[in-house]
Amino acid sequence: MQKATKMAQPFVRQYNPDTDYESMLEVFHECIGDNLKFEPAWTISAYCWCIPYLLLSPSTCFVLDDSNGKAVGYILGVPDTTVFIKRWRQYYIPKLDEAKMPRPDIADDDDEAWALNWEDDPVGSLLKVLWGPERVMGLKGVDELIRNHSGHLHIDILPDFQRRGYGGKLMTALLIKLQDLNAIGCHIVLPAANTDACRFYGRYGFHVYEGSMNDGGTGEPGMLKDGSICLVQKF
Ligand SMILES: CC(C)(COP(=O)(O)OP(=O)(O)OC[C@H]1O[C@@H](n2cnc3c(N)ncnc32)[C@H](O)[C@@H]1OP(=O)(O)O)[C@@H](O)C(=O)NCCC(=O)NCCS
């Protein structure tokens, strides 16, 4: 009788900047919303939501390895969003190619013009994320939220590897790491329409933020004016 051979299973490991960078971008691009699948949104979105984490905080990035060394999913996080934003401004913004990704021509104090509008102006909204991280990631005016839920994260898994429990493994790896680094808690901002992801996060201790979203909010708990929802958990 032939012996059944056990297939190697995908597993979670630390991000390796030398070998994983390109596959991380592939995962990112496979998972972005259809509304951003055109140039230049395709390119700029990676500079907003993937590349800064790989460059500025590689030790808090984890990979789902397909068991052959290729990243087929990831979780990117930071323990302290305020520190991350400072590093973004200090080290990341000066390296951006301004010809390809111009700074929005908006005065610093024009809050209304800095507001995101994904429906009518996706590229403009991406450039605002890129050049105004304090406003977007810092969720301007919601100091309490950032103070009590200092970390944040992004997770994406290629379709063939979704719904097999790997998301949970990535979440566990990052949440342990953030707690080891003394994060006070964590927040996630995602499109409210992504109800599958909201349910997924609920299983790992996240709930809708009940506090005030100030100028970014709609009045409904956790809801931002751009259609995003903010989920939180305290450690
Ligand atoms: C959201 C996401 C990270 C979740 O990761 P995941 O690995 O698919 O999640 P899990 O497998 O741990 O759980 C998700 C579902 O699979 C089911 N599941 C978990 N293990 C399973 C298994 N062994 N067999 C079958 N189903 C399983 C869960 O019950 C859950 O289903 P439910 O929500 O209908 O109850 C992933 O699906 C993803 O990357 N989606 C696309 C991009 C995205 O939305 N990213 C988040 C943006 S904020």
Projected area of the range 104-149, taken from the Cα convex hull and averaged over every viewing direction, in nm²? 3.5 nm²
Under a point spin-label approximation (7 Å from Cα along Cα-to-Cβ), what is the residue 103-residue 181 distance to one decimal in nm? 2.7 nm
How far is helix 166-180 tilted off the main Cα axis of the chain, in degrees rounded to 10, range 0 to 90? 60 degrees
Just need the relative contact order of the chain here, percent rounded to a whole number, with Cα pairs under 8 Å and 6+ apart. 21 percent
Provide, for the chain, the number of lysine pairs with alpha carbons under 19 Å apart, each pair being eight or more places apart or on different chains. 13
The helix 122-131 Cα axis meets the longest alpha-carbon principal axis of the chain at an angle in degrees, between 0 and 90 and rounded to 10, of 90 degrees
Can you give me the % of accessible surface on the chain that is carbon or sulfur? Probe 1.4 Å, all protein chains present, nothing else counted. 52 percent
List, in order, the whole-Hz ³J(HN,Hα) value for each residue of the range 85-90 obtained from phi through the Karplus relation with A = 6.51, B = -1.76, C = 1.60 and θ = phi - 60°; use x for Gly and Pro. 4, 4, 5, 4, 5, 6
Cleavage-rule hits (chymotrypsin sites (Phe, Trp or Tyr not before Pro)) in the range 1-47: DSSP loop, at most 11 neighbouring Cβ within 10 angstrom: 38
About its Cα centre, what dipole magnitude does the chain give when the only charges are +1 on Lys and Arg Cβ and -1 on Asp and Glu Cβ, stated in debye to the nearest 20? 1280 debye
Calculate, for the range 11-184, the solvent-accessible area per residue in square angstrom, rolling a 1.4 angstrom probe over the heavy atoms of the protein chains. 49 Å²
Equivalent ellipsoid semi-axes - Cα gyration tensor, the range 121-235, angstrom: 23, 18, 14
Exposed GluC sites (Glu not before Pro) absent - longest run of the chain, DSSP non-H/G/I/E/B, at most 10 other C-beta within 10 Å: 1-97
Relative to the longest principal axis of the C-alpha atoms of the chain, give the angle of the C-alpha long axis of helix 21-31, reported between 0 and 90° and rounded to the nearest 10°. 70 degrees
Can you tell which of 89, 203, 13 shows the greatest fluctuation in a Gaussian network model of the chain with Cα springs below 10 Å? 203
When the gyration tensor of the range 11-184 is built from Cα positions, what are the square roots of 5 times its three eigenvalues, in whole Å, from largest to smallest? 27, 20, 14
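The values are calculated or read from the model by the stated rules, or taken from the named source; none is laboratory data. As the structure is a prediction and not an experimental result, all values here were calculated from the model. Glycine also receives a Cβ, built like all others from the backbone with ideal geometry; neighbour counts cover every protein chain displayed. Accessible surface is based on the protein model in full, side chains and every heavy atom, while ligands, DNA and RNA are left aside. Shrake-Rupley method; radii C 1.70, N 1.55, O 1.52, S 1.80 Å.
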